Amino acid sequence: MAKLETYLLSDTAEVTDDDLFVGGVNVSDLAKEFGTPLFVYDEQHVRNRCREAVSVEGVHAAYASKAFSCRHLLQVVASEGLGVDVATGGELGIALSAGVDPASITVHGNNKSLAELDQAIEAGVGKIVIDSFDELDRLEFLHSQNPARVPDVLIRVTPGIKAETHKFISTGQDDTKFGLTVSNGDAEVCIEKALKSPAVNLLGIHSHIGSQVFSVESLVKAFQVIAKVAAPYDFDEIVVGGGIGVPYVAGEQAPSINEWVEAIKAEADAMGVTASIGIEPGRSIVGPAAMTLYEVGTIKKIPGVRNFVAVDGGMSDNPRPIMYGSGYEAFCPTKMNDQRKLTAHVVGKHCESGDIVVEDAQVPESLQVGDFLATPVTGAYGYGMASNYNGVGRPAVVFVADGDAKLVRRRETLEDMLACDLI
Ligand SMILES: *Cc1c(COP(=O)(O)O)cnc(C)c1O
């Protein structure tokens, strides 16, 4: 196969002779300076996607921080006018520590503890998304303890739409742990209960049918169901969640954030919906913004069987291939003009045969031990799902923009990994 399709690279990527530059910085210089594996985020790319998300009047956006969260990224996103979505007390803590305005934070998640709900109300978050009758009970209990506090809430409803995506990240069908079912009337019962409850101020409803969704039509269809649920009430807000997909490999195409937002808004207008529409993009903001840089450590060629190229990371920095069978591309950032004629499994350094970074990757035949190898589109659900498996520290994270590189998270050390051992 040929060279890497450059549309898989971030907005400021530029190929000069054989080298790749991002944010005006030579990518191989980053690998030399900060070591590998290394996550490299294109800050301008993140800003450009944020701007798309808030470009349509009547639509507000919150960044789903589980896709990737660190203080610098949250500050960039907040500076572009997006709110921040969190799903746990930990994610809330990170957002608060980044200085995100609590009023712009939405707390969702399907099993928020009493302590997490209390922490959210105490912090003064903008909205709490009620995911079950049990959570409404918990909020009523907290209110009985302190009647002065009445949080603004949304109710997450499950519209009975099956998103065409991996079953682990499809969340809108009836058979799901998330939200209150529309088809059996639970959603309506919960809405009526919340409207009557002195413990909460119900602003509207929330939904999220899944992640890595390529079809704007299924997202519009979900919106129609949700808007019908909302129709009898005078809600301020209808939140449609996230889920627009991104291309990971050559040949994949995804709608832009803009196309998604405009389609939802057009449907809302056509249906006469006057509530403000909320979107919660995660993957589409950060996924294509970053690449992971590795160094090749071993090359094993077994004629007639397979070729293996082992890099210095793997399932600990990108668990998506082993979790979902996700595909990626691989390329050598110092051999951008070489045809990628060698087929090989790019594998990690972990003690699992499933520790595959890229299955049947195309790499240059001239690839050697010591070369850098990169995978594009690793900015979402990569670092955020990273682990210390095999005692491997999480990689460092660098943001590049305008010719400068900023180390925003250092590499994890052995001391970090031993910090919780008491004996
Ligand atoms: C994960 C999640 C999102 C973001 O989904 P992406 O596919 O990353 O855009 C939005 N809303 C909710 C409730 C989520 O759980």
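The values are calculated or read from the model by the stated rules, or taken from the named source; none is laboratory data. All figures in this text were calculated on a predicted structure; none of them were measured in a lab. For neighbour counting, all protein chains shown are included, and Cβ atoms are generated from backbone atoms with ideal geometry for every residue, glycine included. Note: areas computed on protein heavy atoms with side chains; ligands, DNA, RNA excluded. Shrake-Rupley method; radii C 1.70, N 1.55, O 1.52, S 1.80 Å.
Restrict the check to the stretch 272-293 and report whether at least one residue is in a strand (DSSP E or B), within 15 Å of the ligand (Cβ to nearest atom) and over 21 Å from ARG51 (Cβ atoms). Can you show your working first?
Restricting attention to the stretch 272-293, the residues satisfying the condition of being in a strand (DSSP E or B) are 276-279, 290-293.
Filter once more, so that each one left must be within 15 Å of the ligand (Cβ to nearest atom): 277-279, 290.
After this cut, where a residue has to be over 21 Å from ARG51 (Cβ atoms) as well, the list is none.
Looking through the stretch 272-293, none of the residues is in a strand (DSSP E or B), within 15 Å of the ligand (Cβ to nearest atom) and over 21 Å from ARG51 (Cβ atoms).
Please note which strands (runs of 3 or more DSSP E) are completely contained in the stretch 14-68 and include at least 1 residues that are closer than 15 Å to VAL84 by Cα and within 16 Å of the ligand (Cβ to nearest atom). Full working, then the answer.
Details: elements: 14-16, 19-22, 38-42, 59-64.
So the answer is 59-64.
Of all residues in the stretch 258-271, which are within 16 Å of the ligand (Cβ to nearest atom) and open to solvent by less than 50 Å² (accessible area, probe 1.4 Å)? I'd like the intermediate steps shown before the answer.
First, pick out the residues of the stretch 258-271 that are within 16 Å of the ligand (Cβ to nearest atom): 258-261, 263-264.
Passing the criteria: ASN258, TRP260, VAL261, ALA263, ILE264.
So which residues in the stretch 16-49 are touching a helix residue (DSSP H, G or I) at 6+ places or on another chain (Cβ under 7 Å) and farther than 18 Å from LYS406 by Cβ, if there are any at all?
Across the stretch 16-49, the qualifying residues are ASP19, LEU20, ARG49.
Against the definition (under 19 Å from VAL56 (Cβ atoms) and open to solvent by 30 Å² or more (accessible area, probe 1.4 Å)), how does ASP236 come out, yes or no?
For ASP236, the condition - under 19 Å from VAL56 (Cβ atoms) and open to solvent by 30 Å² or more (accessible area, probe 1.4 Å) - is met.
Could you list all residues from the stretch 412-422 that are open to solvent by less than 70 Å² (accessible area, probe 1.4 Å) and part of a loop (DSSP other than H, G, I, E, B)? So that I can check it myself, show each step before the final result.
To start, the set of residues in the stretch 412-422 that are open to solvent by less than 70 Å² (accessible area, probe 1.4 Å) comprises 412-413, 416-417.
Within the stretch 412-422, GLU412, THR413 meet the criteria.
Could you grab me the full set of residues in the stretch 151-170 that are modelled with pLDDT of 70 or more and either in a loop (DSSP other than H, G, I, E, B) or within 15 Å of the ligand (Cβ to nearest atom) (or both)? Break it down into steps so the answer makes sense when it comes.
Taking the stretch 151-170 and keeping what is modelled with pLDDT of 70 or more, we get 151-162.
Hits for the stretch 151-170 are PRO151, VAL153, LEU154, ILE155, ARG156, VAL157, THR158, PRO159, GLY160, ILE161, LYS162.
Can you tell which of ALA103, ALA115, ALA148, ALA78 is among the hydrophobic types (A, V, I, L, M, F, W, C), part of a loop (DSSP other than H, G, I, E, B) and open to solvent by 10 Å² or more (accessible area, probe 1.4 Å)? Let's see the steps before the verdict.
Values: ALA103 fails: part of a loop (DSSP other than H, G, I, E, B); ALA115 fails: part of a loop (DSSP other than H, G, I, E, B); ALA78 fails: part of a loop (DSSP other than H, G, I, E, B).
It is ALA148.
For the subset of the stretch 204-221 comprising residues that are away from the ligand (no atom under 12 Å from the Cβ) and surrounded by 20 or more Cβ atoms within 10 Å (Cβ to Cβ), which member is farthest from THR158 (Cα to Cα)? Quick ask: steps written out before the conclusion?
Going through the stretch 204-221, the residues away from the ligand (no atom under 12 Å from the Cβ) turn out to be 204-205, 215-218, 220-221.
Imposing the further condition that a residue be surrounded by 20 or more Cβ atoms within 10 Å (Cβ to Cβ) reduces the set to 204-205.
Details: GLY204: 14, ILE205: 10 Å.
Restricting to residues being away from the ligand (no atom under 12 Å from the Cβ) and surrounded by 20 or more Cβ atoms within 10 Å (Cβ to Cβ), the top hit is GLY204.
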